[in-house]
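The values are calculated or read from the model by the stated rules, or taken from the named source; none is laboratory data. Everything numeric in this text was worked out from a predicted model, so none of it was measured. Ideal geometry is used to build each Cβ from the backbone, glycine not excepted, and the neighbour counts take in all protein chains shown. We work out accessible area using only protein heavy atoms, side chains counted, and drop any ligands, DNA or RNA first. Shrake-Rupley method; radii C 1.70, N 1.55, O 1.52, S 1.80 Å.
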Amino acid sequence: MDRRVFIKTAGAWSLAASAGNSSVAAGRSFDPTEQSIASLQRALVSGAVTSEALTAAYLGRIARFDHHGPEHRSVLALNPDALVAARTLDAERKANRLRGPLNGIPIIVKDNIETRDPVATTAGSRGLARSLRPADAPLVA
């Protein structure tokens, strides 16, 4: 295993492991694969899963398919704050403050769409590696 693969793998697993609290453990039996947004929202509303556990499940799936096994490399960048954002959404859900129909659902945004997250908007170009944006595109907001 070369250094780059090791660092990416260790980073992905560290991110997933950092979610090791009870809310994640409670969501381990929940499989988000091939479920509709409506189904995922019902699971969030019922408490069958938390946004944090759902995010950790998807991060694990990305690591499993992009960095191990078939190594698809379909996800170029991950938001390092994804689990923190998920915890915030879980707290807002408990306080009955929902942002909209995708509240708490992890999504992947193509890397030519601007987001205010600490992930560069590169469109796959190394020349834009430092292209961080101050606001979300209307499509994301």
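Counted residue by residue at 0.36 nm each, then reduced by the alpha carbon distance between them, the extension gain from ARG99 to SER74 reaches 6.2 nm. For segment 47-104, the carbon plus sulfur part of the accessible surface works out to 58%, probe radius 1.4 Å.
Loop-located GluC sites (Glu not before Pro) in segment 34-141 (DSSP state other than H, G, I, E, B) with a sparse environment of at most 15 neighbouring Cβ atoms within 10 Å: GLU34, GLU71.
Taken along the Cα-to-beta-carbon direction at a fixed 7 Å, the label points for ASP81 and LYS110 span 2.5 nm. Take the Cα of GLU92, go 7 Å toward its beta carbon, and the backbone nitrogen atoms of segment 41-62 under 19 Å from that spot belong to 41-47, 49-56. Between the listed residues LEU78, THR55, LEU98, the Cα displaced farthest toward the positive end of the dipole of segment 53-104, a dipole computed from Cβ unit charges relative to the Cα centre, is found at LEU98. Local charge for LEU40 was computed over the other residues whose Cβ lies under 12 Å away, with Lys and Arg +1 and Asp and Glu -1, and equals -1.
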